[in-house]
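Everything on this sheet refers to the single structure shown next.
The values are calculated or read from the model by the stated rules, or taken from the named source; none is laboratory data. This structure is a prediction, so every number in the text was calculated from the model and none was measured. Here the Cβ positions follow ideal geometry from the backbone for every residue, glycine too, while neighbour counts run over all protein chains shown.
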Amino acid sequence: MSRRTVLVLAVTCAVAVGNLYFPQAIGPLVAAGLHVSPDAAAAVVTATQAGYTAGMVLLVPLGDRLPHRPFLVVLLALTGLALFAAGCAPTLPALVATSALVGLTTVGAQIVGPLAAGLVAADRRGAVVGTLLSGSTGGMLLARTFSGALGEWLGWRAPYLVAAGLALVLATVLVFAVPTTAPPSRRRYAALLAEPLRLLRTEPDLRRSCFYQATVFAGFSAVWTCLALLLAGPVYGLGAQAVGTIALVGAAPMVCTPFAGRLVDRLGPDPVNLVCLLGVLVSAAVLSLGARGGTVGLAALTLGTLLLDTAMQSGMVANQVRVYALRGDARSRLNTAYMTCAYLGGSAGSWLGVRVWGRAGWWGVCGLVAVLAALALGRHLLALYTSAEGAPRRAA
C-alpha cells in the first residue's frame, strides 16, 4: 500500500471521527438558532453518539462480508446526505433524528483499520495503524476547533453543510484511491452480528487487549470529565476556555502514535503495552499534583494529561495490532468487539469519575486512574509471565 493511499485513509478517519465531535462545539449555537434550551440541544450530541454505537454493532461487522471500497464509498455518501439533511433541519426533533443517522453511518474509521491491516505486511502494520490513529486524533481536535469558529461566523448550519461537502468529496476520492479487495467471509449477516461475542470467548489475546483499553480509556474519560469541575471550582476559578487550552495537548499523540506503531513493528505489542501502562500510572501521580492549585498545579495538569493522552493512544496502537493479527478473515468483527469494549469502558469511566469526584475530589479521581492502570498492568504482567513460562516448556 502506497503512502498516498495511507494518507487518504488517514483523512477518511479524520473526517469520520470529526463528524462525531464537531456538534459538541456548536451546542449553544444550535440552541439559539432553533430557540430551544441548551439542555434540549444537548440531545443532538447524545443522538450522534447513540447512532455511532449502533453503527459499530450493526455495520462494522459487514466489513468482513462486503468489498471495502464500495462499502466505504456508500457509508461516506450516506453520511454526507445525513449531514446535509441535518444542516437543513427546520426543528430540533428533525436535527436529532438526522444526527442519529450521521452517527450510524460515520463508522468509516472502524472499516479503514481492518482494511489497512490486510493491505500491508505484518512488519509495517503498527506504523500504518499509528498513522490512521493520528488521523482520527487530528479529526477530533480540528472538528471541535473549526466548527466552533465557523459556527460563530456563519451560524450553526454551516459546520453541517461543510462536513457534508467533505464527506461527499472524500467518497468520490475513495472510488479511485482505495484498492479493490475481496471480502474474507461469506457468512450471513445474523452470524456476523453474533460473531464478536464468540470471538471474545475464544480469543484470549482479544480479551486482554479489550481489558487494557477499557480500563485505560475509563481512566482517561474520568480525568477529562472531572477536569472541568476542578478548573471551575474554588481551587482555580477558571472557565471552559482553560479546559480547551489544556485539551490542545491532545495534539501530541498525532506525532507519537506513528512512532509507537514503528516500535510495535520492531518489538511487538507487549513491550509497548508495558511502557504505556506504566506511563498511565505515572500520569496519575503527576495529575494528583493538580489539586494544589496555582501555577504548579496547572503545569502538573498539563503535563499529566499530555502523558495520559500519549500513553492511552500509543497503547491503543499496540492493542489493535495484536487484535488484527489474530484472524485475517475476521478483522472487522474483531474490531467491533474491541472498540465496543473500549467505548463501554470510557462511558463507565465518565460515570464513575463523577461519583468519585463527589466523594473524594480530584485526589480520588487520580486514585481511580491509578487503580484502573494497576489492574491492567497486573493482567499484562501475568500474560508476560505465562508467556515466559511457556517458552522453556515448548523448547524442552
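Just give me the residues in segment 283-297 being buried (at least 17 other Cβ atoms within 10 Å of the Cβ) and within 26 Å of the chain's Cα centre (by Cα), in sequence order.
SER283, ALA284, VAL286, LEU287, SER288, GLY290
Answer yes or no as to whether LEU161 is over 30 Å from VAL36 (Cα atoms) and either of a type outside the set (Gly, Ala, Ser) or part of a helix (DSSP H, G or I) (or both). I'd like the intermediate steps shown before the answer.
Values: over 30 Å from VAL36 (Cα atoms): no; either of a type outside the set (Gly, Ala, Ser) or part of a helix (DSSP H, G or I) (or both): yes.
It is false that LEU161 is over 30 Å from VAL36 (Cα atoms) and either of a type outside the set (Gly, Ala, Ser) or part of a helix (DSSP H, G or I) (or both).
Could you tell me which numbered condition LEU278 fails, if it satisfies all but one of (1) surrounded by fewer than 16 Cβ atoms within 10 Å (Cβ to Cβ); (2) in the same structural domain as THR336 (by TED's automatic domain parsing); (3) at pLDDT below 95?
Evaluating LEU278 over (1) surrounded by fewer than 16 Cβ atoms within 10 Å (Cβ to Cβ); (2) in the same structural domain as THR336 (by TED's automatic domain parsing); (3) at pLDDT below 95 leaves (3) as the failure.
So that you can scan it fast, the table gives a plain yes or no per residue for (1) modelled with pLDDT of 95 or more; (2) of a type in the set (D, E, K, R); (3) in contact with a helix residue (DSSP H, G or I) (Cβ under 7 Å, 6 or more places away or on another chain); (4) surrounded by fewer than 23 Cβ atoms within 10 Å (Cβ to Cβ):
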{"position": "GLY126", "(1), (2), (3), (4)": "no, no, yes, no"}
{"position": "GLY135", "(1), (2), (3), (4)": "no, no, yes, no"}
{"position": "LEU141", "(1), (2), (3), (4)": "no, no, yes, yes"}
{"position": "ARG144", "(1), (2), (3), (4)": "no, yes, yes, yes"}
{"position": "PHE176", "(1), (2), (3), (4)": "no, no, no, yes"}
{"position": "ARG188", "(1), (2), (3), (4)": "no, yes, no, yes"}
{"position": "LEU193", "(1), (2), (3), (4)": "no, no, yes, yes"}
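Before we move on, is ALA388 surrounded by fewer than 20 Cβ atoms within 10 Å (Cβ to Cβ) and in contact (Cβ under 8 Å) with a residue 24 or more places away in the chain? Steps first, please.
Values: surrounded by fewer than 20 Cβ atoms within 10 Å (Cβ to Cβ): yes; in contact (Cβ under 8 Å) with a residue 24 or more places away in the chain: no.
No: the conditions fail for ALA388.
Keeping to segment 164-201, report how many residues are within 25 Å of THR53 (Cβ to Cβ) and outside any helix (DSSP H, G or I).
5
Quick one: count up the residues across segment 101-148 that are of a type in the set (Gly, Ala, Ser) and under 21 Å from LEU58 (Cβ atoms).
5
Go through the residues of segment 123-140 one by one and say whether even a single one is outside the structural domain of LEU263 (by TED's automatic domain parsing), assigned to a helix (DSSP H, G or I), of a type in the set (Asp, Glu) and over 30 Å from LEU384 (Cβ atoms).
no
Output yes when any residue across segment 62-76 is of a type in the set (Gly, Ala, Ser) and surrounded by fewer than 23 Cβ atoms within 10 Å (Cβ to Cβ), and no when none is.
No, segment 62-76 contains no residue that is of a type in the set (Gly, Ala, Ser) and surrounded by fewer than 23 Cβ atoms within 10 Å (Cβ to Cβ).
For ALA122, are the conditions met, namely being farther than 16 Å from ASN19 by Cβ, among the small types (Gly, Ala, Ser) and surrounded by fewer than 17 Cβ atoms within 10 Å (Cβ to Cβ)?
When the stated conditions are applied, ALA122 passes them.
Six or more apart or on different chains, Cβ atoms under 8 Å: show the pairs whose first residue is in segment 342-361 and not assigned by TED's automatic domain parsing to the domain that holds LEU287 and polar (S, T, N, Q) and whose second is surrounded by 18 or more Cβ atoms within 10 Å (Cβ to Cβ) and modelled with pLDDT of 90 or more.
Going by the 8 Å Cβ cut-off, there are no qualifying pairs.
Which condition number in (1) in contact (Cβ under 8 Å) with a residue 24 or more places away in the chain; (2) within 19 Å of VAL8 (Cβ to Cβ) is the one that PRO70 fails?
(1)
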